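In what follows, a structure is listed as structure tokens, so that the remarks can point back to it.
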Amino acid sequence: MKRAIVLAAFVAAVAAAPRAEAFCGFYVAGGDQQMFNDATQVVLMRMGTRTVLSMQNNYKGPPQDFAMVIPVPTVLHDGDVKTLPKEVFDHVDKMGAPRLVEYWEQDPCRQNYPEGATRASAGAMRPPSPVKAAESAADHGVTIEAQFVVGEYNVAILSAKDSTGLDTWLKEQKYKIPDGAEPLLRPYVENGMKFFVAKVDPQKVKFVDGRAALSPLRFHYDSDDFALPIRLGLANSSGKQDLIVSILAPHQRYEVANYKNVTIPTNIDVSEAMKDKFGAFYTALYDRTLEKNPGAVVTEYAWQATTCDPCPGPALNYAEFMTLGADVLAGDKDKPAPYAGADFVLTRLHARYGKEITDDLRFKDAAGIVGGREFLKKTDDGNPVASLVDSVRPQLEEGAQPSPYNNFQGRYAVRHEWTGAIKCDKPVRYRWGGPPQEVTSQPGYQYTGVKPATDLAFAPRGQVNLADVVQRDVPEIDVKAAAVATIAAPVDPKAPTTVPPTTPATPAPATKKSGCGCQSGAEPTGFVLVGFVALLLRRRKS
């Protein structure tokens with residue numbers, strides 16, 4: 001039985017500061033240079049026992065003798081490792097991120113709506129179609145199992161007989177290792193893990209705005225267990241760390257097997273002020289969810305990866321799946337690649353933890369869920385459920401519900417009710433869509449699309465009181481709305497139709513046919529670089 005996958009990368013640069021960015025793994029740097037890493041993203045593909053790990057890392061500082069050390073279950077060879085374009089990571093992040101949408105109530109007297117149209121976007125969510133080994137290092141039990149070059153990286157695969165020997169070997173190679181690393185390395189050495197060391201050739205590094213633009217790395221391996229180590233990142237950690245994991249797998253959603261699972265509260269209307277404070281709103285919602293579910297891992301997204309509704313951009317495509325590992329997911333090179341189309345489900349899991357963590361994240365298969373869509377709640381006889389506040393406004397589905405397919409997302413909305421005259425006998429209220437002409441015709445108006453909540457590790461905390469901004473109660477986290485939206489008084493049918501000026505804002509997307517969905521804009525002022533490099537899209541100590 002293959003041993004569990006472990007991912008670590010040791011960082012050895014320390015810059016004392018009140019704010020810190022930590023990662024799952026640590027870098028190894030020669031000398032005493034300061035290095036700053038402010039963007040690490042990882043995407044996993046999984047099918048059977050095959051895992052493909054794609055990792056992006058950017059750092060600010062001199063590249064001399066920089067290296068990543070990542071425990072892996074088997075010896076990797078030249079064909080198992082490749083470099084990737086960074087754009088694919090940004091796309092995955094955006095697709096799985098919680099999103100804010102803006103809807104306008106359409107003219108209640110228009111008669112050209114399809115029968116039963118009540119959603120902001122039409123089209124029902126449909127289920128998806130079904131080198132040669134080198135000599136052993138003297139006296140330390142470290143062996144170089146393979147060596148090769150990939151892009152700007154000089155790669156070596158190490159094995160070690162004991163963690164003390166590995167620690168000593170790295171130090172003798174003039175890599176500065178954080179104090180206390182050896183005990184954390186020990187269980188991985190004892191389990192027979194190999195160590196992937198990717199060292200940077202400074203002559204091949206390109207710099208963009210003072211940062212070394214390192215190529216993302218991808219490698220694959222086989223292991224019966226599917227897990228991510230997070231404890232190594234606690235070596236020099238003194239605060240909370242965020243970990244966001246994106247997983248792509250054919251027909252399959254994932255959750256953790258060894259911690260509590262909870263879904264993020266979704267389908268919540270919020271005040272218009274949250275358009276400029278969406279990151280702060282979402283961190284407040286997320287923190288409240290963890291407060292009510294201590295130690296839980298939060299599912300923020302589970303959706304067929306080739307569709308989205310509403311979409312923050314184009315959905316993931318075949319070429320991106322192949323880039324991220326679909327070409328090797330089936331196993332042997334002589335086997336055909338799996339169909340990289342509508343089969344893949346994108347799962348986004350979000351954990352926030354400190355030194356109380358006791359185990360790595362271990363994943364298991366999970367059944368499909370739906371939620372966060374513009375679908376109405378129904379009574380047993382199939383009629384829409386009216387709001388508890390009034391007898392007219394229909395209620396959207398809330399929370400996550402079991403389903404044979406996956407259509408779950410964290411979705412939040414700013415809604416503008418109809419303010420014009422109503423000149424018909426049977427108006428149909430609460431049909432939501434894009435902005436009216438009065439909005440789009442304003443000077444300087446630009447369509448900006450759905451707003452995803454990226455860069456969450458850098459989003460401000462403690463700036464939003466949920467009760468003041470949500471437009472309905474959120475019972476799953478015991479939040480009662482301070483002011484619930486109510487229906488305006490009837491408008492005189494004889495009054496002229498007027499719509500007050502509206503500040504240009506993000507419109508709702510055009511009609512879509514199926515639905516879609518988790519990191520690094522703000523720059524930290526300085527931090528201690530310690531922790532895992534492997535599965536952390538954004539991490540911040542607070």
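Quick notes
- Per-residue extension of 0.36 nm, minus the Cα-Cα distance of K161 and A257, leaves a gain of 31.5 nm for this segment.
- In Hz, Karplus ³J(HN,Hα) per residue of the stretch 186-200 (6.51, -1.76, 1.60; θ = phi - 60°; x = Gly, Pro): 3, x, 6, 5, 5, 7, x, 5, 9, 10, 7, 10, 10, 9, 8
- Computed from label points 7 Å out along Cα-Cβ, the spacing between Q437 and E87 is 3.7 nm.
- Approximating the spin labels as points 7 Å out from Cα along Cα→Cβ, the K377-to-D478 distance works out to 2.1 nm.
- When the surface is traced with a 1.4 Å probe over the full set of protein chains, D80 keeps roughly 30 Å² accessible.
- Ordered from largest to smallest accessible area (heavy atoms of protein chains, 1.4 Å probe), the residues L396, L217 come out as L396, L217.
- When each of the peptides 274-282, 179-187 is scored by the mean number of other C-beta atoms lying within 10 Å of its residues, the order from highest to lowest reads 274-282, 179-187.
- Among E102, E272, E172, E397, the order of accessible area from largest down is E172, E272, E397, E102, computed with a 1.4 Å probe on protein heavy atoms.
- In this structure, E172 and V149 have a Cβ-Cβ separation that, at R0 = 25 Å, corresponds to a calculated FRET efficiency of about 0.65.
- Surface composition of the stretch 200-329: carbon plus sulfur atoms hold 48% of the accessible area, using a 1.4 angstrom probe and ignoring ligands, DNA and RNA.
- Across K423/K451; K194/K364; K174/K194, pairs whose alpha-carbon gap is larger than 26 Å: K423/K451
- Accessible area per residue in Å² at 1.4 Å probe, computed on the stretch 237-322: 30
- Full extension of the segment from D425 to Q203, taken as 0.36 nm per residue of separation minus the current Cα-Cα distance, would add 72.4 nm.
- Entries of K240/K275; K240/K260; K171/K199 with Cα pairs more than 25 Å apart: K240/K275
The values are calculated or read from the model by the stated rules, or taken from the named source; none is laboratory data. Only a predicted model underlies this, so the values are computations on that prediction, with no experimental measurement involved. Cβ: placed from backbone, ideal geometry, glycine included. Neighbour counts: every protein chain shown. Surface areas here come from the heavy atoms of the whole protein model, side chains and all, with no ligands, DNA or RNA. Shrake-Rupley method; radii C 1.70, N 1.55, O 1.52, S 1.80 Å.
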